[in-house]
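Trainee: Sending over a structure as structure tokens; questions will come in a sec.
Read the figures in this text as sums done on the coordinates, not as results from a lab. Because the structure is predicted, anything quoted here is derived from the model rather than measured. Note that we place each Cβ from the backbone using ideal geometry, even for glycine, and neighbour counts take in every protein chain shown.
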Amino acid sequence: MRSLRENVKFSPVSGKFKIYIIDEVHMLSVSAFNALLKTLEEPPEFVKFIFATTHPDKIPSTVLSRCQRLDFRRISAVEIASQLEKIVKSEKIAVDKDVLFAIAKTSDGALRDAESILDQLVSFSKEKVSLKDVISILGLVEQEALFEITDKIIQKDPKRALDLLNRIIDDGKDVNVFLNSLIEHFRNLMIAKVSKGDAKLIDLPQDICQRLLKQSQALSLEDIFTAFNVLVNTHEMSKRMDSMRIPLEVSIVRLSHDRKVQSPLSKEKEAVKEQAVPAEEKPQDPPESVMNITLDNVKDAWKNILDSLSRVKISAATYLSEGEPFKLSGNLLTIAFPKSHSLHKESLERRENREIIEKNLSEALNVPLRVSFMLSADAKPRSEDSGNTFIRSVMDVFGGRVVKED
């Protein structure tokens with residue numbers, strides 16, 4: 001940086017401008033940026049700076065404010081393949097179109113990398129570059145293998161799916177590369193299903209997009225999401241096991257396993273369970289007396305219900321006192337709470353609290369009732385009476401009396 005500052009003041013020997021290109025400029029230290037700042041504030045008229053970075057957020061704002069920012073996007077695989085096709089035609093090189101798309105996908109949006117890969121492949125193959133050469137040199141996984149293993153998952157055929165996985169690994173493919181390719185394949189299936197095979201969104205040749213659209217029709221979005229989550233979790237499992245193959249095999253079997261097929265043990269348990277439950281104990285429809293209870297009846301008895309509940313569990317009664325009977329449908333009573341009382345609702349939804357409340361309601365109203373809880377904007381907080389039930393319960397236990405109310 002010191003040398004740059006000393007030389008920047010000298011005029012160019014040839015040409016109109018002196019151009020300084022600093023790549024990965026975000027790697028400069030704070031002191032280096034401060035040293036450069038003075039030059040950026042008052043640069044000589046014949047000096048131009050070009051800063052390249054992949055992390056503009058790491059550059060100090062004082063430097064950014066003195067620069068004109070140009071963001072470069074990644075080039076799509078289709079555009080890269082088109083440019084590579086022009087190159088091979090001008091150089092009269094025999095290359096299949098599938099090869100160009102494979103190179104374009106590998107370059108990850110960088111045309112320079114794609115051209116370098118093409119140059120290496122031409123040097124390696126000499127006469128004609130085939131897809132087999134690309135897969136062999138770059139260690140890629142064929143699209144056909146991804147479609148095939150997905151078909152086995154759809155067909156619920158875990159044995160053939162494992163055979164295919166074993167064959168891919170025996171061919172020397174990296175397990176991690178295959179897993180990432182399979183995750184991307186399910187991503188493409190999701191995009192194809194949602195966008196009806198839009199090649200621009202999928203960034204693959206049109207014939208591959210049509211195959212993806214056809215395969216996605218055999219899966220629901222929930223199936224695709226499930227497969228995506230299972231495969232992503234395989235990465236985490238592999239870190240704990242220090243192995244990629246075993247977690248991947250488990251995930252492939254899990255995805256291709258037919259959940260509808262019950263094991264003999266589960267069938268036996270289900271049969272024993274059915275025999276253990278007598279016919280008279282099976283759930284029955286609520287009695288007609290439930291229909292004779294109205295919401296007004298519940299509201300009239302609400303104070304007595306709270307008092308009775310406070311003798312059983314004070315905390316449940318305190319929380320319930322903030323709610324009010326909102327709707328009675330059959331034997332289901334809905335109790336509404338203000339929007340700000342979500343804690344009360346969550347506490348009462350616990351199994352032990354719900355059972356106590358339902359038992360208390362059934363005894364007070366002489367009919368079996370179930371309860372549900374909801375938050376409603378119409379329900380108003382009862383700030384004045386919120387602690388009355390609790391206070392009364394405490395006074396009953398300790399024999400106290402109210403001396404003063406604020």
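Trainee: For the range 2-64, what does the relative contact order come out to in percent, with C-alpha contacts under 8 Å and a separation of six or more?
Mentor: On the way: 53 pairs, mean separation 28.8, N = 63.
Averaging sequence separation for qualifying contacts and normalising by length gives 46 percent for the range 2-64.
Trainee: Just to check I understand the Karplus step: with θ = phi - 60° and J = 6.51 cos²θ - 1.76 cosθ + 1.60, what whole-Hz values come out for the range 164-174, glycine and proline as x?
Mentor: Once θ is set to phi - 60°, the couplings for the range 164-174 become 5, 4, 5, 5, 5, 5, 5, 6, x, 6, 6 Hz.
Trainee: Using 0.36 nm per residue of separation minus the Cα-Cα distance, give me the extension gain between residue 17 and residue 37 in nm, one decimal. Could the numbers behind the result be given before it?
Mentor: On the way: separation 20, 0.36 × 20 = 7.20 nm, distance 1.97 nm.
Roughly 5.2 nm would be gained on extension.
Trainee: Whose amide H sits under 5 Å from the amide H of residue 47, counting only residues 5 or more places off or on another chain, with H placed in the peptide plane?
Mentor: Amide H to amide H, under 5 Å and 5 or more residues apart or across chains, residue 47 pairs with 18.
Trainee: Same structure again: Are there trypsin sites (Lys or Arg not before Pro) in the range 87-171 that DSSP marks as loop and that have at most 16 other Cβ atoms within 10 Å, and which are they? Provide the component values of the computation, followed by the final result.
Mentor: Working: sites: 89, 92, 97, 105, 112, 126, 128, 132, 152, 156, 159, 160, 167; in loops: 92, 126, 156.
Within the range 87-171, the qualifying trypsin sites (Lys or Arg not before Pro) (loop, at most 16 other Cβ atoms within 10 Å) are 92, 126, 156.
Trainee: Please give the FRET efficiency for residue 160 paired with residue 376, using the beta carbon to beta carbon distance and R0 = 56 Å, rounded to the nearest 0.05. List each step's numbers first, then the result.
Mentor: Working: r = 54 Å, r/R0 = 0.97.
Approximately 0.55, to the nearest 0.05.
Trainee: Size of the range 77-138 along its principal axes in angstrom, Cα-based, largest extent first?
Mentor: Ordered largest first, the range 77-138 gives principal extents of 26, 25, 17 Å.
Trainee: Does the range 2-64 come out rounded, prolate or oblate, given a ≥ b ≥ c as the square roots of the eigenvalues of its C-alpha gyration tensor, rounded meaning a/c under 1.5 and, failing that, prolate meaning a/b above b/c?
Mentor: It comes out prolate by the Cα gyration axes.
Trainee: List, in order, the whole-Hz ³J(HN,Hα) value for each residue of the range 319-335 obtained from phi through the Karplus relation with A = 6.51, B = -1.76, C = 1.60 and θ = phi - 60°; use x for Gly and Pro.
Mentor: After applying 6.51 cos²θ - 1.76 cosθ + 1.60, I find 5, 5, 5, 7, x, 8, x, 10, 7, 10, 10, x, 9, 10, 9, 9, 10 Hz.
Trainee: Given 0.36 nm per residue, what is the gain on full extension from residue 257 to residue 225 after removing their alpha carbon distance, in nm?
Mentor: 9.9 nm
Trainee: Next up: Only sites in a loop by DSSP and with at most 12 other Cβ atoms within 10 Å count here; which GluC sites (Glu not before Pro) in the range 110-161 make the cut?
Mentor: Those that pass, being in a loop and sparsely packed, are 127.
Trainee: Once amide H atoms are built 1.01 Å from N in the peptide plane, which residues 5 or more positions from residue 372, or in another chain, come under 5 Å H to H?
Mentor: Amide H neighbours of residue 372: 333, 334, 335.
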